[in-house]
1. Can you give me the solvent accessible area of F62 with a 1.4 Å probe, rounded to the nearest 10 Å²?
2. Which angle between 0 and 90 degrees, to the nearest 10, do you get for helix 13-33 versus the longest principal axis of the chain when only C-alpha atoms count?
3. Under the rule of -39500 (n - 2.57) per DSSP H run of 4 or more residues, summed and divided by the residues of the chain, what mean residue ellipticity at 222 nm is obtained, to the nearest 500 deg cm²/dmol?
4. Nothing charged except the Cβ atoms of Lys and Arg (+1) and of Asp and Glu (-1): what's the magnitude of the dipole of the chain about its Cα centre? Round to the nearest 20 debye.
5. So what are the radius of gyration and Dmax for the Cα set of the chain, in Å?
6. Keeping all protein chains in place and using 1.4 angstrom, which order do R79, R13, R52 fall into by accessible surface area, from largest down?
Amino acid sequence: MADSSQTYSLFPRRNLLMMAGCVALIIIGFLLMSGGSSSVETGFNPDIFSTRRIVVGPAIAFLGFLLMAFSIIWTPRRRKSK
């Protein structure tokens, strides 16, 4: 009978830390894309075409998604004992 006091994690601690960093990158990317919009009441807002909102934010979010896939797949190498 197996000892029920032992718990096994699906991912090692390093992978979980990498995933947390990727989630932070994705959130930062989406926050950089956010902002006010143009409407009939306020008129045209040229800030919707800023470099931060159409280049930097999506690039950071995309990098976060790519690194998330890498952090899920990556397995640490086992050190060979002599």
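1. 130 Å²
2. So the inclination is approximately 0 degrees.
3. Numbers: 2 runs with 38 residues, N = 82.
Rounded to the nearest 500, the figure is -16000 deg cm²/dmol.
4. 900 debye
5. Radius of gyration, then largest Cα-Cα span, for the chain: 20.8, 73 Å.
6. Details: R79 230, R13 180, R52 90 Å².
My answer, sorted largest first, is R79, R13, R52.
The values are calculated or read from the model by the stated rules, or taken from the named source; none is laboratory data. This structure is a prediction, so every number in the text was calculated from the model and none was measured. Don't worry about glycine lacking a Cβ; one is built from the backbone with ideal geometry, like all the others, and counts go over all protein chains shown. For accessibility, only protein heavy atoms count, side chains too; no ligands or nucleic acids. Shrake-Rupley method; radii C 1.70, N 1.55, O 1.52, S 1.80 Å.
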